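To keep things clear, I will list the structure first and then write my remarks on it.
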Amino acid sequence: MAERENRRNRRDRDETPEFADRLVAINRVSKTVKGGKRFGFAALVVVGDQKGRVGFGKGKAKEVPEAIRKATEQAKRQMIRVPLREGRTLHHDIEGRHGAGKVVMRTAPEGTGIIAGGPMRAVFEMLGVKDVVSKSIGSQNPYNMIRATIDGLQKEASPRMIAQRRGKKVADILGAKSEAPADAEAADA
């Protein structure tokens, strides 16, 4: 009895939409055959929980809904976690590259909003970033832009991660900036 209830709870948890998804691009391709043309569809989807996790996927099928479903499943499997400052912006400025695509992402003060082009905007919205300024340079291909954005986001590090790597406390890492002006004032006095 308890096992059946656990199974039901697990199924309910799987069905609840904890992730939001955004369709970025659909590409229709045709193959000419003896009887005419056969159409296929490729979909690019970005999925995120809007709390610091995001992923993208692509799916191909003969029908659009099936292509979107495949892309969404792949995106959920390939999710990455990105640390956010105050849950609204990036910790530091970053650059991402993929192929000929290059993206620059900068932190922004509160109230700035998402200043980004189409595919990058979808990534930031699904990630849960509220304030960011970004620019894509080079490739305008949505696949390359999203890959470059994800590449940059994987490089981001929070003060906690850096402190852990260096074996220090977060206050030691963040305190280094605020101690410098105090020392200068003491020298002047």
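General observations
- Rolling a 1.4 Å probe across the protein heavy atoms gives the stretch 93-177 an accessible surface of 53 Å² per residue.
- Computed over the alpha-carbon pairs of the stretch 91-177, the distance histogram in 10 Å steps reads 18, 43, 26, 12, 1 percent, short to long.
- Ligands, DNA and RNA left out, the accessible area of the stretch 18-97 computed with a 1.4 Å probe is 47% carbon and sulfur.
The values are calculated or read from the model by the stated rules, or taken from the named source; none is laboratory data. Keep in mind that this is a model prediction, so the values were computed, not measured. We work out accessible area using only protein heavy atoms, side chains counted, and drop any ligands, DNA or RNA first. Shrake-Rupley method; radii C 1.70, N 1.55, O 1.52, S 1.80 Å.
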